[in-house]
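Quick note: the coordinates plus some simple rules give every number you see, no bench work behind them. If you're wondering where the values come from, they're calculated on a predicted model, not measured in any experiment. Positions of Cβ are backbone-derived with ideal geometry, glycine not excepted, and every protein chain shown enters the neighbour counts.
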Amino acid sequence: MANPNDSPRAERVTDPGRRACLAAFAGWAALLAGCGGGGGEQADAPVAGDVDGASAGATWQTGWLAAVQAVRASAPGLPVPPPLVLRDQTLRHVLRPSQGGATLRLRISNAFGSEPLVIDGVNIARVVAGSRIDPATDQALRFGGATAARVPAGGEVWSDELDFAVTAREAVAISLYVAGPMEVSTWHAGAFQTGRIAQGDARAAESLDEAPGTGAVHWLRRLDVRVPRPGGVVVAFGDSITEGALSTPDAHRRYTDQLDARLAADAGLAGWGVVNAGLGGNRLLFDGFGPRALDRFERDVLQVAGARAAIVLIGINDLHAPAAGIGPVVAAEELVKGLQELVRRGRQADLRMVLATLPPCEGYGYATAASEAGRQALNAWIRAQSLADAVLDVDRVLRDPAAPTRLLAAFDSGDRLHPNDAGMAAIAQAVDLQALRSAG
């Protein structure tokens, strides 16, 4: 059986006839048009120069987050694509921070790069609609006083602090110009927010809506905001369901977005927000579509500025991996050990820990009798355990009362596993806000 203290590697599958089903397993592959794909595997890289650089008395809170992964390791079992190389191109990504304030900082990651990363210019501006910005708000970010961001292999860097008024839950655009040639090694594959890739230095262009689109976020990992008074950050940590797979792109209908809207409407949680640390296809115990959850928990949860609570929804891909041909059989007992470890580490960091049950998925392409037995056993433990501060019973919320092992049709995105926008709303409504308030 898998031991959560080991560092196992996913098995590879080379049968091209299984590619479509493997894409469904990841939940985000359809968004990668124009951005490359990934095969192979790479371990979580150490983070170099991880220094906050906060001014005295500053209160930083993370307003936006991307769980990063290696580009060429994000789809084990699929052929390794050619390198994704940018030359004289501009990337524009739209971020929607959950925190507001007058000063911000941006973190750029080259965690999976084997060579130094050079981004020749980075601008930020308010978004009007789509990729269209308000040119009057466009400002350049600096890095150690320089306009170019230089990130060592395996490292990450903060921008200098920038006076830029950010309104909570209003979109900003980050435009990155790369003279190149520069290979993209680090990204978040499934953003469910359309970015653009334009020719030339188009950082100041009012609109890039006609440029080719991308469903990935390249190199960006965190946007932190210096807030006027401390609130709190809820980190949603999990796989493609948390990431928002098969919800409506660009519509902010992931469960994390809809939970964030609930926090915004609750006077008792003023200054609180949600960041999304979901990663499509991610597993608890094994690497694959990004580093395993046990390894990335430090970076994607414990390092989040202002984190007060974490919602953990993970394990379904570990159970489905044997049928997908990308991993060994994993017993529910091994998943229990892994979740116990995450809860212990979160509690040691004074986070409120919420464990979520795994959703019903009968009829999903990789669901088997064995994986269903494991899901039932793990859910029973989650409901009965007392280690976490609260339970989010996703299974009970999403299942069909007439057939409890199936996703309710009204919540089904079409693949029998991933909830649609209505299902995402149901998860968000099921979160106990009092459990989060207790972290205040």
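Remarks
- For the listed peptides 194-202, 354-362, 144-152, a ranking on the average number of other beta carbons within 10 Å per residue, highest first, reads 354-362, 194-202, 144-152.
- Total formal charge among the other residues, if their Cβ is under 15 angstrom from that of THR147, Lys/Arg +1 and Asp/Glu -1: -1
- Take every Cα pair under 8 Å whose residues are at least 6 apart in sequence, average their separation, divide by the length of region 231-440, and the relative contact order is 24 percent.
- Most to least packed among 267-274, 133-140, 161-168 [average Cβ atoms within 10 Å]: 267-274, 161-168, 133-140
- LEU84 sits among other residues whose Cβ lies under 13 Å from its own Cβ, and their net charge, with Lys and Arg +1 and Asp and Glu -1, is +1.
- Between the amide H of ASP412 and those of ASN420, distances stay under 5 Å, these residues lying 5 or more places away or on another chain, with hydrogens modeled in the peptide plane.
- Going from the fewest other Cβ atoms within 10 Å to the most, the residues HIS252, HIS218 appear in the order HIS252, HIS218.
- Across region 300-377, Cα pairs under 8 Å and at least six residues apart give a relative contact order of 43 percent.
- Annotation: the residues PHE289, PHE143, sorted from fewest to most other C-beta atoms within 10 Å of their own C-beta, follow the order PHE143, PHE289.
- Take the Cβ atoms of ALA370 and ASP393, set R0 to 22 Å, and the FRET efficiency comes out at 0.45.
- Spatial separation of Cα centroids for region 354-403 and region 168-211, in angstrom: 37 Å
- Positive minus negative residues near ASP400 (Lys, Arg vs Asp, Glu; Cβ under 14 Å): +1
- Long-range tail of P(r) for region 231-440 (Cα pairs > 22 Å, %): 44 percent
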